[in-house]
1. May I ask you to list the residues in region 65-94 that are part of a helix (DSSP H, G or I) and not hydroxyl-bearing (Ser, Thr, Tyr)?
2. Looking only at region 114-140, count every residue that is within 18 Å of residue 63 (Cα to Cα) and either β-branched (Val, Ile, Thr) or without any contact (Cβ under 8 Å) to a residue 12 or more places away in the chain (or both) and tell me the total.
3. In region 88-110, which residues are modelled with pLDDT of 95 or more and either touching a Ser or Thr at 6+ places or on another chain (Cβ under 8 Å) or open to solvent by 50 Å² or more (accessible area, probe 1.4 Å) (or both)?
4. Condition test on residue 47, is it surrounded by 15 or more Cβ atoms within 10 Å (Cβ to Cβ), of a type in the set (S, T, N, Q) and under 14 Å from the mean Cα position of the chain (by Cα)?
5. Can you tell me which residue is farthest from residue 130 (Cα to Cα) among those in region 50-70 that are in contact with a Lys or Arg (Cβ under 8 Å, 6 or more places away or on another chain) and open to solvent by 50 Å² or more (accessible area, probe 1.4 Å)?
6. Answer with yes or no whether residue 156 is assigned to a strand (DSSP E or B), among the polar types (S, T, N, Q) and within 22 Å of residue 50 (Cβ to Cβ).
Amino acid sequence: MAFFMSRLLIIAFAALFALSACETAAPTLGPDGKPLPRVYRISSGNTGKIQLRMKDSINALRGAAGATPLSLNSQLTAAAATHSRDMSVQNRAWHFGSDASSPLDRVKRTGYAGTMRGENISETYETEVETLSAWMDKPGTRSVILDPKSTDMGFSWHQDANGKIWWTLVTGG
């Protein structure tokens, strides 16, 4: 376990270093004159980079756990993107869509030929690396990431004007 955690820290530091290329809003002062937390802003040109960085980070964690790597799948990514936007519209992070769709329904709608294995979601102002770290801290979301039966992943997000990010990871196999 110590080896696994040390690898996780190395991966996290490497990913945070890579994040320095992403845009971040300048700190602003709140009504009390104190700096407000920095908001992680994602520019449209970084979509592919963020998706590949998440895939590489997940695959490093899976490799350390003895699981095979995942491939980024466009159909699962479409399901993730749809749900991220819908969570923003609903203003709540949960697994059901505004049309009462389940993760299974959304994956099926994309025409994905495999079986949907899991879905992780998050509502946060944090980066994708911080979100992945939070998912790895919880047994349920960690099991989605490390599921040995998963072969594919989709990853997307929606960022609100205020900077809040709605992250969605979908796995399949």
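The values are calculated or read from the model by the stated rules, or taken from the named source; none is laboratory data. All values reported here derive from a predicted model rather than from experimental measurement. Cβ: placed from backbone, ideal geometry, glycine included. Neighbour counts: every protein chain shown. Surface areas here come from the heavy atoms of the whole protein model, side chains and all, with no ligands, DNA or RNA. Shrake-Rupley method; radii C 1.70, N 1.55, O 1.52, S 1.80 Å.
1. Within region 65-94, 75, 76, 78, 79, 80, 81, 83, 85, 86, 87, 89, 90 meet the criteria.
2. Qualifying residue count, region 114-140: 3.
3. Result: 104, 105, 106, 108, 109.
4. No, not satisfied.
5. Among residues in region 50-70 that are in contact with a Lys or Arg (Cβ under 8 Å, 6 or more places away or on another chain) and open to solvent by 50 Å² or more (accessible area, probe 1.4 Å), the one farthest from residue 130 (Cα to Cα) is 68.
6. Yes; evaluated as a whole, the condition is true for this residue.
Here is a yes/no grid of residues against (1) in contact with a Pro (Cβ under 9 Å, 6 or more places away or on another chain); (2) of a type in the set (A, V, I, L, M); (3) touching a residue at least 24 places away in the same chain (Cβ under 8 Å):
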site: 88; (1), (2), (3): no, no, yes
site: 96; (1), (2), (3): yes, no, no
site: 101; (1), (2), (3): no, no, no
site: 112; (1), (2), (3): no, no, yes
site: 142; (1), (2), (3): no, no, no
site: 146; (1), (2), (3): no, yes, yes
site: 152; (1), (2), (3): no, no, yes
site: 172; (1), (2), (3): no, no, yes
